[in-house]
Every structure is written in C-alpha cells, then in structure tokens.
1. Taking residue 268 and the conditions (1) in contact with a strand residue (DSSP E or B) (Cβ under 8 Å, 6 or more places away or on another chain); (2) part of a helix (DSSP H, G or I); (3) surrounded by 18 or more Cβ atoms within 10 Å (Cβ to Cβ), which numbered condition does it fall short on, given that it satisfies the others?
2. Please tell me if residue 65 is assigned by TED's automatic domain parsing to the domain that holds residue 319, under 16 Å from residue 124 (Cβ atoms) and within 16 Å of the ligand (Cβ to nearest atom).
3. Determine, yes or no, whether residue 324 is within 20 Å of residue 124 (Cβ to Cβ) and surrounded by 21 or more Cβ atoms within 10 Å (Cβ to Cβ).
4. Within the set of pairs 6 or more residues apart or between chains, which connect a residue that is on the phi > 0 side of the Ramachandran plot inside region 93-104 to a residue that is buried (at least 24 other Cβ atoms within 10 Å of the Cβ) and not in a loop (DSSP other than H, G, I, E, B) with Cβ atoms less than 6 Å apart?
5. Take the residues of region 274-304 that are out of contact with any helix residue (DSSP H, G or I) (no Cβ under 6 Å at 6 or more places or on another chain) and closer than 18 Å to residue 144 by Cα: which is surrounded by the most Cβ atoms within 10 Å (Cβ to Cβ)?
6. Can you find, within region 1-53, the residue that is farthest from residue 89 (Cα to Cα) among those that are assigned to a helix (DSSP H, G or I) and within 16 Å of the ligand (Cβ to nearest atom)?
7. Only one of 208, 280, 247 is in contact (Cβ under 8 Å) with a residue 60 or more places away in the chain and within 13 Å of the ligand (Cβ to nearest atom); which?
8. Among residues belonging to region 127-176 that are on the phi > 0 side of the Ramachandran plot and crowded, with 20+ Cβ neighbours inside 10 Å, point out the one that is farthest from the ligand (Cβ to nearest atom).
Ligand code: F6P
C-alpha cells in the first residue's frame with residue numbers, strides 16, 4: 001500500500017506534526033510506503049513528489065510550516081485537472097491520499113472522491129478555526145497564544161502613551177481568533193466578522209476607557225465590517241478559490257477613532273506572524289492525534305471521511321460536513337464578552 005500526503009491552503013502550525021503521526025504509524029504498524037506531494041494540489045496535478053519516510057519526518061514535530069510546502073492551487077479550475085490528478089496517482093502507484101487542509105483544499109477532496117473516485121481521507125487545519133464538524137482545528141491555539149502575547153505587550157505601551165491601540169488579527173469570515181485572544185488579553189473592544197459594528201459605539205467604548213485613565217485596546221478581525229460599510233480589501237486580486245485578500249480594517253478603524261475622538265490611535269497588524277513558528281503543546285497534541293487517526297481511516301478504507309475532534313475524542317465524519325458551511329461565532333458567545341467592552 002502506498003499513501004500520498006499533501007498539505008494545501010494557508011500553512012499553519014502543526015502541519016508537520018500531522019505528517020509525522022501519519023508516517024510513523026503508517027510505516028511502523030501497517031508497513032505502508034508514502035509519497036509526499038509538493039505544494040498542495042499542485043503536487044498531484046503535476047506529479048511533483050518528495051520522499052516521505054521515517055528519516056524524513058524525524059525532528060519535525062516542533063517545526064512550523066510544512067515540509068511538503070503548500071499552495072492554493074485548485075485542480076478543479078485547471079483544464080482536465082481531476083483527470084490529471086487521477087492519472088498521476090495511478091502512475092505513481094498511490095492507492096490513497098491523505099489531504100490536510102481547510103475548506104478549499106478539503107472541498108476539492110470531496111469532489112475528487114465523490115465524482116472521480118479518488119480515495120481521500122481529510123485532516124482539518126486552519127488557524128481560523130472556522131471548519132464545521134470539528135470542535136477545534138490545529139493551528140488555532142498557537143495563533144491565539146501569539147495574538148494574546150501581542151495584546152499583553154500592547155497594553156503596556158498603550159498605557160505609557162495613553163493611546164488607542166488597534167490590533168488586527170486574522171479571521172476572514174469567523175472571529176474566533178479575535179474573540180479568544182481578545183478575551184484572554186483583556187481587550188476593551190472586540191470586533192468580529194459575524195456582527196457588523198457601530199463606529200459610534202466603538203468610539204464610546206474608547207472614550208469610557210480613557211475616562212477611567214486606561215488606554216483602550218481594540219481587537220479587530222480582518223473580516224470585520226462597519227454597520228454601513230464593507231470589508232476592507234488589500235487589493236482586488238483573487239486566489240484560485242475566488243478569495244479576495246483582506247487586511248486594512250485596523251488602519252481604517254484607527255483613523256476613524258482618531259478623527260472622531262481626537263485621541264491618538266495606532267494599529268498593529270499581526271498578519272502572518274500568527275501562522276508562523278512552533279506549534280503550541282495543544283496543537284502538537286491535536287495534530288499528532290489527527291495524523292494517527294487519519295492513517296487508521298486509510299487502513300479501514302474509510303474514504304471520503306475526515307478526522308474531527310469531538311470533546312476529547314477523535315471521530316470520523318464525511319468530509320463534506322466540514323466544508324458545507326463555515327463555523328462562525330455564536331452570537332451568545334460574543335455577547336458574553338461584551339461585559340468587558342469599554
Ligand atoms: O485561512 C487562513 C488565513 O490565515 C486567513 O485568516 C487569511 O485571510 C488568509 O489565510 C491569508 O492568506 P494568504 O497567506 O494566502 O494571504
């Protein structure tokens with residue numbers, strides 16, 4: 001049995017831990033051989049492979065990024081892409097594919113399995129934590145820790161200068177990173193994509209914070225939107241899954257706050273720092289267990305499924321369950337945090 005492995009979409013801490021879990025268990029317990037595919041779906045599309053055996057996965061557990069590389073290549077948007085993937089897998093004698101990715105990468109796996117019979121098992125990843133069917137994705141905990149540490153640091157500098165500090169975190173459609181890091185870091189305002197915000201209310205919270213002689217920290221998800229405005233885009237470009245590039249809401253918000261309140265406001269955009277570096281202990285634990293369970297699903301021939309965290313257990317669900325809709329922040333969870341605003 002030869003198993004292919006690929007990592008697609010935005011990278012995230014813990015990808016290497018998954019790969020290690022898959023290969024260690026696959027080789028040691030099932031005697032499988034592996035083929036690594038480079039750069040997400042580009043690998044099987046172009047037949048671009050990398051050696052993947054036990055020596056190749058030694059020492060990678062704490063390493064961020066992915067030893068396989070990643071991309072947002074969409075084979076379904078390439079002429080004859082699905083057919084080429086199938087042919088390349090057959091030529092390389094790859095019997096099954098473990099696909100580690102988010103909504104887009106796993107969406108391709110669903111179509112390739114359901115419509116073309118490519119035997120795929122999915123592993124959910126994204127720092128955004130916005131995949132349905134799993135309580136958490138790995139990478140999220142690391143991102144939240146990075147953002148929380150940044151907020152802690154920004155509190156002291158904001159207070160020294162009595163300024164507003166706006167912290168822009170990732171989160172395209174879901175405000176999980178903003179909500180968790182904002183709560184953990186003691187932010188005074190948290191803005192998420194799920195709830196349009198009222199600029200007057202934000203300014204009122206900022207002013208009330210100054211009245212008690214503290215400097216406000218505003219955490220804003222990159223996809224957050226004002227009540228009568230739209231998402232702030234970096235530029236107009238689209239990736240091959242049709243996503244626009246975000247970022248800029250933090251700068252826009254700081255300008256608006258400065259104009260309306262007369263208080264000095266600065267912005268920190270955490271950007272890809274949230275996706276880089278070593279995974280947290282929780283993410284290493286979760287990613288490793290996902291890897292171990294994914295290779296078990298391959299052994300059982302349970303294709304079209306994805307491993308998922310439910311409580312403390314790992315279960316298998318149809319991949320389509322994870323990609324059918326985005327897991328957004330429940331309004332009641334957001335309201336809970338409101339007691340700390342202002
Ligand atoms: O999907 C994860 C994510 O980190 C989003 O939060 C963000 O909008 C996007 O990836 C950024 O992607 P890229 O690295 O391709 O600019």
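1. Residue 268 satisfies every listed condition except (2).
2. So residue 65 fails the test.
3. Judged against the criteria, residue 324 is not a match.
4. none
5. Top of the filtered list is 286.
6. Out of the qualifying residues, it is 15.
7. 247
8. 133
The values are calculated or read from the model by the stated rules, or taken from the named source; none is laboratory data. Source: prediction; values computed, not measured. Cβ: placed from backbone, ideal geometry, glycine included. Neighbour counts: every protein chain shown.
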